[in-house]
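Below you'll find the structure, written out as structure tokens, and then a few comments.
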Amino acid sequence: MKFSRSFFVLAHLILVLSGCSFFGDKEEIKPAKLEKFDQRVSLNLAWKAKPVSGNKNYWQKLQMAVSKDLLFTADHNGSVVALDIQTGQQQWAVDMDLPISGGVGYGAEKVVLGTIEGQIYALNAKDGTVLWSSTVSSEVLASPSANKEMVVAQSIDNRIYALDAETGQELWQHDSGAPILSVRGNSSSIIIQNMVIAAFDNGKLIAFNGQNGSVVWETRLALPKGRTELERMIDVDGEPILVGDIIYSVSYQGRLGALTRGTGRNLWFQDSSSHFSPAYSDGILFVTEAKNDAVRAFKAGNGQEIWQNSQLEYRELTGPISFGDSIAVADADGYLHLLDTETGVFMGRTKVDGSGVSAPLLVNAETLLVQANNGSISAYKIQ
């Protein structure tokens, strides 16, 4: 019987996160209790809808995407829905009857999705009509990226594919080589004009020429450390972010780093470990740490740590996102937390849904969109 490499990683993580009470000699790790504080801002619920089924039974969480007027969401059973971003009213819905595992992505009036069977689908963002489908080598666990020329998707075997945006025909592909062990997940790519920037399970960031797939530059965000394969995992599962001409990215059991877009030159590194994309606001980077769910802030210019908030330890936080003058994270109990960007102290908190939150948060203009594990979506504004 064969087991995927992610099976062994998951088994190890279950043992670790369950505490060593399995062996009867240590106390179970418990999430931090929420302490009361004086709320400086109020989170007002603008609307709430439940367009798709829940995802709490799945290891990989689907994310939402937005256009100018619409919010797109999907579930693992194949439902894809578009909502009016201002009101939450449904605009269209399609049942694709497919095991969706990567999505939702949006670009150039297309909604793009990936499946556990290695299929990529492009839908018309106006009405949900399927435009084309294409097949890659293995399952897709991250949202494909799209612009007018191409759709870019990464598969679980550490390959990246560029497909023609109008036909789905393969333009080029690149095999980065899969490590022996990796955390189950992939990173979405960034498409910048004629360049595609992608992060891989081996800790590499690679920039490709968008026209032909040739490598423009390649660098390592993190280097393996430790004696065992588990200790040496350095996956980059969070999408890199681009601010001006600087790329910021963070790896699991590795580093947070800043690189130049044009050449990939390393500007600075800082020890950090995260499964999520970093967030950026006014010269500060924010990371949710994988080990204990601490939220950390760093100067974007040199990587120096500014503050760390450890009051949400082991609450299974989402990745951070910039929202107004705050950084927002949500937890497995369904609470949404706002932290001051400059100090890390709590500014606001509200209970979103008892099913918990694990999908990435999304901000559109002055609205924070939160999808709970039962599939419901809540839209918040700061008062």
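Screening D75 against (1) among the acidic types (D, E); (2) surrounded by fewer than 15 Cβ atoms within 10 Å (Cβ to Cβ); (3) touching a residue at least 40 places away in the same chain (Cβ under 8 Å) leaves a single unmet condition, (2). Do you know which residues across the stretch 322-357 are under 16 Å from the mean Cα position of the chain (by Cα), crowded, with 23+ Cβ neighbours inside 10 Å and under 15 Å from F298 (Cα atoms)? If the condition is that a residue be under 16 Å from the mean Cα position of the chain (by Cα), crowded, with 23+ Cβ neighbours inside 10 Å and under 15 Å from F298 (Cα atoms), then I327 is the only one that fits.
Answer yes or no as to whether A146 is surrounded by 22 or more Cβ atoms within 10 Å (Cβ to Cβ), modelled with pLDDT of 95 or more, of a type in the set (G, A, S) and closer than 16 Å to G375 by Cα. In short, no.
Taking the criterion of being outside any loop (DSSP other than H, G, I, E, B) and at pLDDT below 95, no residue of the stretch 228-249 qualifies. Annotation note: of S53, S101, the sole residue that is out of contact with any helix residue (DSSP H, G or I) (no Cβ under 7 Å at 6 or more places or on another chain), assigned by TED's automatic domain parsing to the domain that holds G356 and in contact (Cβ under 8 Å) with a residue 12 or more places away in the chain is S53. Please indicate, with yes or no, whether at least one residue in the stretch 83-97 is among the small types (G, A, S), at pLDDT 95 or above, within 24 Å of N373 (Cβ to Cβ) and part of a strand (DSSP E or B). Yes, the conditions are met somewhere in the stretch 83-97.
The values are calculated or read from the model by the stated rules, or taken from the named source; none is laboratory data. Since the model is a prediction, treat every value here as computed from it, not as a measurement. Cβ coordinates were reconstructed from backbone atoms using ideal geometry, including for glycine residues, and neighbour counts include every protein chain displayed.
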